[in-house]
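Right, one structure below, let's go through it.
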Amino acid sequence: MGSVLHLDVPFRQTTPAARKSAMIQRFAQERRVDNDVFWLKENAELLNLLDCTNAKLDDFALAPLEAFYGDFEKRLGFFPQYYRFLLSLCLDLEDLGLPGGKGEEAVAWVAKQGLVTAELSDLQRAEARRLCLRRGIDPVNGDGALDTRLRRFASQKETFALPNKKAAYELTHIVFYLSEYGRAMPDLAPGTVASLLHAGTLAFLELNTDLLSEFCIALRFAGETPPFEWEDWLFSQARRFVVEAGELGWAQDDYHPYLMVNWALSVAGQGGFGAQIPEGPICFRAPRPHVSPLRELSEGLLAQDGVRCADWYRMRDRLGETLSDEALAVVDVAEKAVDFEAFFAGFARAAQPGQDFGGLR
């Protein structure tokens, strides 16, 4: 008589809603304690993504965050320095279906306390304004100059042809906030799409899934279609992410690239969030590139001192001799994706102090 084989098969999440519900529970209760600022950051980012993509959730998906919502006012009063994270969590919970109306009162309190006007950064003010306007209050009193400054910064395409992750992050988020995360056309200034393409090219050359995902999302929010080559590579990388059981402790993992690449998939109509979520604490592992084309290209340019010029077609063969085969293959794809000559004119840094800046060699 044959024996019965019992397989230890974990619970399978058979629907997108089940997988998203599992992620909410793991982020809320399994990865970090809820008095950790990184808990606030991770959960705020997850819920924001779910709200912006109009995610369909199971009936009790938000239950793991009910305790947080229950004492939300105490947290906001004691940790006003984290008001943007806290407000984002509260508003998203309500908009995703958790019963309650604390957001309106919280927004009024934030405005009365002057927390938004105390921000030094225009980007932080723009984020806070967007949050407060979700409940009908403008905490900067119609400061139209704020949008003007954001649009002017985003349109300076020369800025974004040079590696600068802080500027790149700010650029994508300016588009996010001005477009209401894809709900409205952002009315961008001329030159902004070129800025997005320049900075996205740097992310592609760096093989940075996190930043490149943000640029593909931002381009779609701006009414543009991202280069096929970017999304094709990005979506191939999405299949290589690993979600595994494991204690996180105080370490960092690749949760943010995972969220961004799956958000990019969703915005492009390609699904996203297809991975099974293990039970218990979870970690996210991104694929690691074996080459850094951006670094190789930058080092090759630096070595061309005295003969460096802004003409890509004059420099291509000279630089190609300094690149590994793997890096050269990535550069070849990057050339096909965008107007690489226009990008390279800024990336080359051919003008030097003491020269006539009116003309590059």
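Here is how the numbers come out for the structure above:
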item	result
Read-out Rg and Dmax of the Cα atoms in Å, derived from the coordinates shown; its label in (1) 22.9, 91; (2) 18.7, 53; (3) 22.3, 67	(1)
Folded to 0 to 90 degrees: helix 325-337 orientation relative to the chain principal axis, Cα	80
Helical mean residue ellipticity (222 nm; -39500 (n - 2.57) per DSSP H run of 4+; nearest 500) of the chain	-16500 deg cm²/dmol
Cleavage-rule hits, trypsin sites (Lys or Arg not before Pro), the stretch 267-314, DSSP coil, Cβ neighbours within 10 Å at most 14	none
14 Å beta-carbon shell around D254, net charge (K/R +1, D/E -1)	-1
Two-site label geometry, A245 and E104: point separation in nm, points 7 Å out along Cα→Cβ	4.6
Per-pair calculated FRET efficiency, R0 = 22 Å: N164 and S121 via Cβ, rounded to 0.05	0.90
Extension reserve of the R130-E299 stretch, reckoned as 0.36 nm per residue once the Cα distance is removed	56.8 nm
Integer Hz, Karplus 6.51/-1.76/1.60 couplings in order for the stretch 18-32, x for Gly and Pro	5, 5, 5, 4, 5, 5, 4, 5, 5, 5, 6, 10, 10, 8, 9
Cut-off 15 Å between beta-carbons: net charge of the residues surrounding E105, Lys and Arg +1, Asp and Glu -1	+2
For the stretch 234-281 versus the stretch 125-195, the gap between their alpha-carbon centres in whole angstrom	27
Which of S88, S155, S195 has the fewest Cβ neighbours within 10 Å, and the rest in rising order	S155, S88, S195
Which of V116, V33, V307 has the fewest Cβ neighbours within 10 Å, and the rest in rising order	V33, V307, V116
³J(HN,Hα), Karplus 6.51/-1.76/1.60, whole Hz, each residue of the stretch 80-94, x for Gly, Pro	x, 5, 10, 4, 5, 4, 5, 5, 4, 4, 4, 5, 5, 4, 5
Listed residue (L131, T15, Q29) projecting farthest to the positive dipole end of the stretch 14-142, Cβ model	L131
Residues in the stretch 90-111 reached by a label modelled at E73 [backbone nitrogen below 15 Å; 7 Å Cα→Cβ]	100-110
Phi-based couplings in Hz for the stretch 177-187 (Karplus 6.51, -1.76, 1.60; Gly and Pro marked x)	6, 5, 9, 6, 6, x, 8, 8, 6, x, 6
Charge tally in the Cβ shell below 13 Å around Q276, where Lys, Arg are +1 and Asp, Glu are -1, Q276 excluded	+2
Point-to-point label distance, D138-K112, nm (Cα→Cβ direction, 7 Å offset)	2.2
Filter on K102/K166; K41/K102; K56/K166 - keep pairs with C-alpha separation over 28 Å	K102/K166; K56/K166
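Since every read-out is calculated from the coordinates, none of them should be taken as a lab result. Quick caveat: nothing in here was measured; it's all calculated off a predicted structure. As a convention, Cβ positions derive from the backbone with ideal geometry for all residues, glycine included, and neighbour counts pool all protein chains shown.
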